[in-house]
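Before any comments, here is the structure.
The values are calculated or read from the model by the stated rules, or taken from the named source; none is laboratory data. Small disclaimer: the values here were computed from a predicted structure and weren't measured. Quick reminder, even Gly has a Cβ in these numbers, built from the backbone with ideal geometry, and neighbours come from all protein chains shown.
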Amino acid sequence: MAFTSFRGASSGLLAVLRKGPRLRKRAKKTKVRSSTPTSPANATPASPPIASLAPLTQIISQYLDEKDIERVKEAYRFSDQAHLGQFRASGEPYISHPIAVTEICAGWKLDADSLMAALLHDVMEDTGVPKQELAERFGPDVAEIVDGLSKLDRLEFATKAEQQAESFRKMLLAMARDVRVILIKLADRLHNMRTLDAVSPEKRRRIARETMEIYTPIAHRLGLNALFRELQDLCFQATYPNRYEVLKKAVMSARGNRREVLGKITEAVKVALPAAGIEAEISSREKSLFGIYKKMVEQKKSFSDVLDIYGFRVVVHTLPECYLALGTLHQLYRPVPGKFKDYIAIPKLNGYQSLHTTLLGPYGTPVEFQFRTRDMDRVAEEGVAAHWLYKNDDSELNTLQKRTHQWLQSLLDIQSQTGDSGEFLEHVKVDLFPDAVYVFTPQGKIVSLPRGATPVDFAYSIHTDIGNQAIASKINGEFSPLRTELKSGDQVEIVTSPASRPSAQWLNYVRTGRARSEIRHYLRTVKYEESVAFGQRLLMQAFDQIGAPYPQDDDLNWEKLAKSSGAASREEILADIGLGKRLAAVVARRFAPENTILATTAAAVDEITTAKATPILIHGNEGQAVQLAQCCGPLPGDAIIGGIRLGHGLVIHMADCSVAQRQRAREPERWIPVAWANDTARHLNTRLEVTVINERGVLGRLAAEITDAGSNILHLTMQEEAAATGLLHLTIQVDSRKHLAQVIRAIRHVQQVQKIVRVKG
């Protein structure tokens, strides 16, 4: 909020579910009679609403069938009976409030279940009707919505603040499951704000602060702009009634003074657009009172200095006509530089689309124009409720509704993990931080990351060692690739292994500076240290093969060798050996006694060393200096060979790998004997192709068998081979070839599996 006066104390914000004022005492159960209908849903009522179903029936008859209308009437009769003897603080029968809320929802054309829930939204909380009874009479969907709207009044809490925070948490849970919950809640809050006159000024201000801090931002985020503006004005009126009245009179006075100017503009536009072949609906509008007041406060202006309080909306048939109408009026009046905004090409986060421009009208009066199509106009005013047709399948929702559901889900996940009520409410205003995502550790700690961040960023934000040892991630309990983009509300768990090391590929998708710097530091230092250690292993083996002692303390010869080969130090020579830039056998011969070398040629030495070669033992956790080839994916138990690859160190292949055989034929001097050590690393990756009969539940049974066999699925894709079969591509973690055989036997237990192939290329 830019207007600091609405930043209330946290204690005021905690009462987020407190509805409008009402009396909860029961009176003698007599039938409530009504005489005057409730005011329309889109206008502030001039007189207190009286219970009548006629206006609501008239609205819903325009889009609901007879069966659904009868269901809504049945919900009304049930709610009317349940609320008998209850009255609002104004003295009205309480049923007038559910009816008014339902009329607002009907204005959005919500479905029958939503309208029934709106009529029943207080029966559980205020009359003690159990959820089970609602489910039996009106269906489980209606009961779930009503339950989500009901506060936790009957449970024991240490403080009132805790109760209110938990009530809001409960509503968020329901919102994530069903977006209709928040739509009904916003309608409920709107009617309560319209009828605040019956309560004390202190309570009025408290409810207004709650609304401005909680519900107004949510309405804006959902694109409910008409409701958003009305809530702002009602909050302004309740919080600063004197300022509201003074500003209202000033606007009315200015409206009379500028009527002539607005009339001239209207006539000129009505002539110019048809002349350009554009059929349009033209309407004038005023800025909301709160919008004017906010501008006065922010820019420190008096009312007379705020000139652009009036504007026009031009609604056309097609998108191209928006731009054509804009160009037409730019020829009619001079545009103000820097005041053009194209929200059609780049919509706002809440789905709003429109062209905005400010023109200098007659007498130099600045006037804002908005250009949009009819569909854009409906979305601009009603947001996610525009053209509402609720569906259970998320894939059938429109883009805005999908985005809204995702936002509610992320909001829910964030709040469900925090225990502090102040922090809990602050995170409701997630739309104030569009460039950040909030994710959770398994312990419930909130971590803020830049948008586009991945589990690697998350791991390094927790601890450097966690980042350096990350091998996989679990997002919301499911294994996901480390390059997965995180969303607000995700719970992230990093799977680590002491044998794991950072990969240079991570630099392609990390977003945080810390992760990037840590990875680069590792690649510069740790990889270098690993290469030095592995190079020393290779060189020591080379000395053993020629029968010469390793020159551990021969600093003079090391210095001579470094100078002659262009290296800076012994460590650099060893690192070059480990990275494959130098051959260990050649370096060893440079140190050998003269009588040993003179007796043989270099080729003869290579022959001798090859014959005497003792295999290098591979543990699988040597780091970057030793890599398992991706082309064949060797596992402990496979016959293997090792090739020194320039800049990459030793690469381990399966002995029958065709790639390795071709490379060995070209450069035989770079290949050395290798063998698996007894204590090899765990969780090595391998790939399988599984052909299955495409039946329901086969994937679940397959995953269960793999898990029971002690393996993890890191990646899975599926393609259809025929009408009845599918081919699964799996990347799994195993400890050895023997372990892989156990996993394959477990997979064969699934009846739908037809064929299993280990992918070696």
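For this structure, a couple of remarks:
- Per-region count, the stretch 518-528, residues modelled with pLDDT of 70 or more and loosely packed, with under 15 Cβ neighbours inside 10 Å: 3
- Residue in the stretch 117-130 that is out of contact with any helix residue (DSSP H, G or I) (no Cβ under 6 Å at 6 or more places or on another chain) and more than 26 Å from LEU231 (Cβ to Cβ) present: yes
- Within the stretch 437-453, the set of residues being modelled with pLDDT of 80 or more, surrounded by 13 or more Cβ atoms within 10 Å (Cβ to Cβ) and in a loop (DSSP other than H, G, I, E, B) comprises THR441, GLY452, ALA453.
- Evaluated against (1) assigned to a loop (DSSP other than H, G, I, E, B); (2) on the phi < 0 side of the Ramachandran plot; (3) surrounded by 12 or more Cβ atoms within 10 Å (Cβ to Cβ), GLY710 falls short on exactly one condition, (2).
- Subset of the stretch 98-153 (residues that are touching a residue at least 60 places away in the same chain (Cβ under 8 Å), out of contact with any Cys (no Cβ under 6 Å at 6 or more places or on another chain) and aliphatic (A, V, I, L, M)): ILE99, ALA100, VAL101, ILE104, ALA106, LEU110, ALA117, VAL142
- Restricting attention to the stretch 237-291, the residues that are assigned to a helix (DSSP H, G or I), among the aliphatic types (A, V, I, L, M) and touching a strand residue (DSSP E or B) at 6+ places or on another chain (Cβ under 9 Å) add up to 7.
- Selection status of PHE534, buried (at least 17 other Cβ atoms within 10 Å of the Cβ), within 22 Å of the chain's Cα centre (by Cα) and touching a residue at least 12 places away in the same chain (Cβ under 8 Å): no
- All of (1) modelled with pLDDT under 85; (2) within 28 Å of ILE573 (Cα to Cα) hold for GLN469 with one exception: (1).
- Search result, residues across the stretch 301-337 that are over 24 Å from ARG374 (Cβ atoms) and either hydrophobic (A, V, I, L, M, F, W, C) or not in a loop (DSSP other than H, G, I, E, B) (or both): PHE303, SER304, ASP305, VAL306, LEU307, ILE309, GLN331, ARG334, PRO335, VAL336
- Neighbours by Cβ (under 9 Å, 6+ apart or cross-chain): first from the stretch 310-322, touching a residue at least 60 places away in the same chain (Cβ under 8 Å); second among the aromatic types (Phe, Trp, Tyr): ARG313/PHE369; ARG313/PHE371; VAL315/PHE371
- Just one residue in the set VAL316, VAL336 is modelled with pLDDT of 80 or more and surrounded by 16 or more Cβ atoms within 10 Å (Cβ to Cβ); that residue is VAL316.
- Counted residues, the stretch 668-705 - those being over 17 Å from ARG737 (Cβ atoms), touching a residue at least 12 places away in the same chain (Cβ under 8 Å) and in a loop (DSSP other than H, G, I, E, B): 3
- Sole residue being buried (at least 16 other Cβ atoms within 10 Å of the Cβ), within 27 Å of ALA499 (Cβ to Cβ) and not assigned by TED's automatic domain parsing to the domain that holds GLU478, chosen from LEU728, LEU699, LEU740: LEU740
- Taking residues in the stretch 264-291 that are basic (Lys, Arg), and partners anywhere that are assigned to a helix (DSSP H, G or I), the pairs with Cβ atoms closer than 6 Å and at least 6 places apart or on different chains are LYS264/PRO362.
- So LEU359, is it within 20 Å of ALA275 (Cα to Cα) and assigned by TED's automatic domain parsing to the domain that holds SER284: yes
- When each of LEU688, LEU699 is tested for being of a type in the set (A, V, I, L, M, F, W, C), farther than 30 Å from ARG582 by Cα and out of contact with any strand residue (DSSP E or B) (no Cβ under 7 Å at 6 or more places or on another chain), the lone residue that passes is LEU699.
- Condition check for VAL271: aliphatic (A, V, I, L, M) and in contact with a Lys or Arg (Cβ under 9 Å, 6 or more places away or on another chain): no
- Taking the criterion of being within 13 Å of LEU190 (Cβ to Cβ) and among the aliphatic types (A, V, I, L, M), the residues of the stretch 93-108 that qualify are ALA100, VAL101, ILE104.
- MET212 meets the stated requirement of being of a type outside the set (S, T, N, Q) and not assigned by TED's automatic domain parsing to the domain that holds VAL306.
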